[in-house]
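See below for the structure under consideration.
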Amino acid sequence: AQRVTQPEKLLSVFKGAPVELKCNYSYSGSPELFWYVQYSRQRLQLLLRHISRESIKGFTADLNKGETSFHLKKPFAQEEDSAMYYCALLNNNDMRFGAGTRLTVKP
Amino acid sequence: DVKVTQSSRYLVKRTGEKVFLECVQDMDHENMFWYRQDPGLGLRLIYFSYDVKMKEKGDIPEGYSVSREKKERFSLILESASTNQTSMYLCASILGGLTGELFFGEGSRLTVL
């Protein structure tokens with residue numbers, strides 16, 4: 001069965017510092033992985049998907065099949081990045097999420 | 001813009017009551033989901049549906065049932081609400097296929113007394 005693990009419940013960094021939110025997965029097939037974000041008082045929304053190899057709001061995520069990881073990174077965190085971040089894995093019609101990491105960026 | 005609308009933002013119910021949470025999407029998406037969101041536990045999948053009248057259990061289906069009579073509507077039913085079902089419930093939909101984006105509703109916060 002597919003499983004997504006986010007080992008850090010809370011992460012706090014100062015503005016301008018690099019940030020990395022960890023995500024590991026277990027899945028026997030070829031995974032489709034995503035990062036979703038929920039800002040305060042807003043809906044959960046897609047941040048980025050691995051298949052697009054895109055950078056959104058300065059964030060990137062690389063799929064490492066050897067380490068079964070999909071960590072989210074940003075070189076210089078901003079205060080507006082403070083939010084709840086969820087890693088997710090899509091298998092056919094089934095989307096599963098990790099427990100989430102709350103990122104706080106301090107001024 | 002895709003809209004996923006959950007009928008109730010806040011509900012307060014008593015133990016043993018039957019609870020209906022309604023979700024409607026307007027983009028003709030095949031797949032719809034119900035999750036519950038709890039601090040420290042993230043989003044846990046209750047049920048999902050990939051077509052009308054089709055449903056699949058997620059990780060935590062116990063105590064819940066679902067109904068999908070029309071493509072745009074996916075209902076979550078708590079036959080006999082219990083206090084441990086106090087939570088935020090999120091509905092989502094996605095176009096079929098592996099590269100689709102999941103669209104979420106605003107959530108329904110249920111309190112069971």
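So if the hydrodynamic radius of the stretch B:59-111 is defined as the Kirkwood radius over C-alpha pairs, what does Stokes-Einstein give as its diffusion coefficient at 25 °C and 0.890 mPa s, in µm² per second? Walk me through the numbers on the way to the answer.
Working: Rh = 12.9 Å.
Here the translational diffusion coefficient equals 191 µm²/s.
I need the per residue convex hull volume for the protein assembly as shown, using only the alpha carbons, in cubic angstrom as a whole number. Walk me through the numbers before you get to the answer.
On the way: hull volume 26.0 nm³, N = 220.
Expressed per residue, the convex hull around the Cα atoms of the protein assembly as shown is 118 Å³.
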DSSP beta bridges in chain A: the antiparallel percent, rounded to 5, is 85
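At a Förster radius of 25 Å, what calculated FRET efficiency corresponds to the Cβ-Cβ distance of B:Glu69 and B:Arg109, to the nearest 0.05? Display every interim value, and only then the final one.
Working: r = 25 Å, r/R0 = 1.01.
The formula returns an efficiency of 0.50 here.
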Restricting to Cα pairs under 8 Å and 6 or more apart, the percent relative contact order of chain A works out to 39
What percent do you get for the relative contact order of the stretch B:1-46 when only Cα pairs under 8 Å and 6+ apart count?
-> 33
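How high is the relative contact order of the stretch B:34-96, in percent, counting Cα pairs under 8 Å that sit 6 or more residues apart?
On the way: 98 pairs, mean separation 20.1, N = 63.
The value is 32 percent.
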Projected area, mean over directions - chain B, Cα convex hull, nm² = 6.7
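Less than 11 Å Cβ to Cβ from B:Phe20, Lys/Arg counted +1 and Asp/Glu -1: what total charge do the surrounding residues give? Show your work: numbers first, answer last.
On the way: positive: B:Lys13, B:Lys18; negative: B:Glu17, B:Glu22, B:Glu79.
Result for the neighbourhood of B:Phe20: -1.
Can you give the net charge of the other residues whose Cβ lies under 14 Å from the Cβ of B:Met88, counting K and R as +1 and D and E as -1?
On the way: positive: A:Arg41, A:Arg43, B:Arg9, B:Arg36, B:Arg44, B:Arg109; negative: B:Asp38, B:Glu106.
Residues close to B:Met88 contribute a combined charge of +4.
Sort A:81-92, B:62-73 by the packing proxy (mean of other Cβ within 10 Å over each peptide's residues), most packed first.
Numbers: A:81-92: 20.5, B:62-73: 14.7.
Taking the mean over residues of other Cβ atoms within 10 Å, the ranking is A:81-92, B:62-73.
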For B:Asp59, put the label point 7 Å out on the Cα→Cβ axis and report which residues of the stretch A:21-58 keep their amide N under 15 Å from it.
-> A:23-27, A:34, A:36
Can you grab the distance from the C-alpha centre of the stretch B:31-103 to the C-alpha centre of the stretch A:1-23, Å, no decimals?
-> 26
What does the stretch A:29-107 give for Rg and for Dmax, in Å, if only its C-alpha atoms count?
-> 12.7, 42
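Bear in mind that the values in this text are calculations on the coordinates, not laboratory data. Note that the coordinates shown come from a computational prediction; the quantities given were computed from them, not determined experimentally. So basically every Cβ, Gly included, is an ideal-geometry build from the backbone, and we count neighbours across all protein chains shown.
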